[in-house]
Each structure stands twice: as structure tokens, then as C-alpha cells.
Amino acid sequence: MAILSALFTLLGRQLTTILQAIFGWSITALFGKLAAKKQAALSVALALSVVWPLLVLGCFLPAAASWALAFLPLHKWMSEFALRLVWISLAVAVPLAVGAVTRWITPKEKLHGGLVVTLLGGYAVTVGYFIAFVVTAITVPIIKAMSAVRKWDDCHVYVQPKEGRYEEVLEALVKACERGRVKVSREDVPAPMALATNVMQTLAKPFLAPSVDAKLQRLRGENLELYLYPADLLLRGEPHVLAHVRAAMTRTELANCAYLVETPEAQKLQDEVEALWERRNAVGDRDAMKQRLRDLSRRLDRAPIAFEEWTTLETSSRRVEHAITGAPDLLEAGSDGAHAGSPTPDSVGAGDHARQWN
């Protein structure tokens, strides 16, 4: 019992990281960017999928399932036959509900088959969610333990490659590593760390097309490893190496080919910033671009987003400002001639929102 108690305590402490990894490693590969309501519905579907095996257990051992699910002795209040009917009904209904949520959140062009096909596909997707949860719950503590033994840090950075641009994101990360003075090589993500993604894509494939179907890759160098998942970048390595590479990421074209912010509101703002970046060389349209960037800055200051997302978008908008105004990039002198792209987060003052366009 002591061992089980320690295990559940560890899982509880890691629950946020585990859920973040599940969404980043596997679920976003299927659905891509989601609105807040759909993201919430998907979270409910994931929770139902985790509980579903206990519902199935209740079909055979209703008393045991009632204790496991709610720690309530329902078998004292209901007959075993009635309990079994309840568990059978729930075991049948939950995957259908998961299928309904899956159909609602999936873009129509990515659905395979009609309503009935998607609802019945909820059984396979439910199994996939559950396996992804179990695999990730085992993998995340192992990763942290391995990092602790090697005296490495590990951190998750939100990086969601835009559709069809996974390779470009990898190239940008290679450049960031080079700027951080680390030479890296590309290779496939080890099978255990790609298992959750592969399971979800395999089980859901008959019913929907994944948003990201590229083979997962990692970058390895001396005292550094980067794992690029559909909506998560896992960095592992010595603390000072990680710090240099993360700083160098702000001076690459990463924001052009991947979302660096998670919420739909912030991603819409990033799309607008990158649209201005694409038009930065349109000389005849400079005044209009400056006005659009001013308006965007005001909306950014009022946007209901987290500070980390604000900082990321502010950094990107500074890059556009430099390009539009032709301001010299003073950081370029220390970058060995490589394209700087944008200032580092430390160079962006949190309270300095005013821009000068002269």
C-alpha cells in the first residue's frame, strides 16, 4: 500500500505536466488548433476515456467498480443486477459521447464517413485516449528521473507546427541550436516516446485525417535533446545550454511556420503579426503597415491572454517594427552575421509599449 500511495502521490504532482504532454504529443496531432469551447469539450472527452475502463469493469464486477470510481458503496444501496445495468449503459454510452465530441471538434474536411461512422469510431478513439494517458503517465516521470540523474533540466515549450510545415520548424530549431553553439543531428523520436502519438493516429485514422501526420523527429547534440511533437517542444539538457538555445529560438523564423502561443485569441494575433511580417518589404504600403501595427499593439495590450503569450507576441511585433522602419539591429553584431530576426525576450520591456516611427 505504501508503494501504491507513493505512486499516486507522484502522479498527482505530475498531473498537469502529464495532461500537457498528452495534448501536445498526441491529441493535437489529430485536431490541430481548437477554439476554447472545443478544447474544453475535448478535455471532458479525455476524462471520460480515462474512466471508461472502470465502467467496463463494472459490467463484470459492479461492486468493485462502484468503489473504484466514486469511493461510494453503491452495492449496499442497489442490487448487483441494477448496478450491472448502470455500468453496461455507461460503458456503451461513454464512447458514443466521445465520438460525438470528436465529430464536433473535427473540421468537416478531415472527417471520414458520416455521423454513424464517427459515433461508432468513438470506441476506438476512447481506447486511444486511454492508452495515450497511460503511456504518458509512465513516460513523463521516467523522463524527469533520467534528467535528474544526468543533472539535466527538462522543459516544455508550446510550439505547434502549422499544417504541412513540420520540416520548416525542424530547420528553424536546427538554426537555433547552431546559434546556441550546439551542433545537432536529426533522428526519429524513440518508439516509447512516440507511442502515444502513433496509437492515437492509428486508431483514429479510419474516422478522421490527422492535422499533423509527419514522422516525429528529435534533435540531439552534446548535452542537449529536442523532441518536436505536434504541439509541444520538449527540451532536455544542461541548464546553461537550454538557456542559450531557447534565447536563440527568438532570432529564427520559427514564428513563421509554427504557433508559439496556445490560446485561440493569441494565435489570431500571431497570425496578424506574421501577415505583416510577410509584407514587410512592400515599400509603398509602409504607412498603412505602421498604422496596422499600432492598432495591433493596442489590441495586444488589452487582449485576455497570459503574460508569457503577451511577451512572445510583443517580441514578434518588435521584429516587424524593425523590418518596417529599417531600424538597425544592434544585436546582429554579436550573432556572427546570422539573421537576428527579432530581439530577445530580455530586450523587451514589459511596460514599454510606445513605438516611435520616425
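Worth pointing out:
- Relative packing of 103-110, 248-255, which averages over residues the other C-beta atoms within 10 Å, highest first: 248-255, 103-110
- For the peptides 22-33, 270-281, 199-210, residues were scored by their other Cβ atoms within 10 Å and the scores averaged per peptide; the highest-first order is 22-33, 199-210, 270-281.
- The translational diffusion coefficient of the stretch 142-272, from Stokes-Einstein at 25 °C and 0.890 mPa s with a Kirkwood hydrodynamic radius over alpha carbon pairs, comes to 159 µm²/s.
- Charge tally for K162 (other residues, Cβ to Cβ under 10 Å; Lys, Arg +1; Asp, Glu -1): -2.
- Between the alpha-carbon centres of the stretch 259-309 and the stretch 157-224 there is a gap of 27 Å.
- Across K144/K205; K144/K175; K162/K183; K33/K215, pairs whose alpha-carbon gap is larger than 29 Å: K144/K205
- By average C-beta atoms within 10 angstrom, highest first, the peptides 303-310, 319-326: 319-326, 303-310
- Separation in nanometres of the label points that stand 7 Å from Cα toward Cβ, at A47 and T311: 3.0
- Full extension of the chain segment joining F81 with A145 gains 18.5 nm, where the gain is 0.36 nm per residue of separation less the Cα-Cα distance.
A short reminder: the numbers here are calculations on the coordinates, not readings from a lab. Here the structure is a predicted model, which is why all the values come from computation and not from measurement. So basically every Cβ, Gly included, is an ideal-geometry build from the backbone, and we count neighbours across all protein chains shown.
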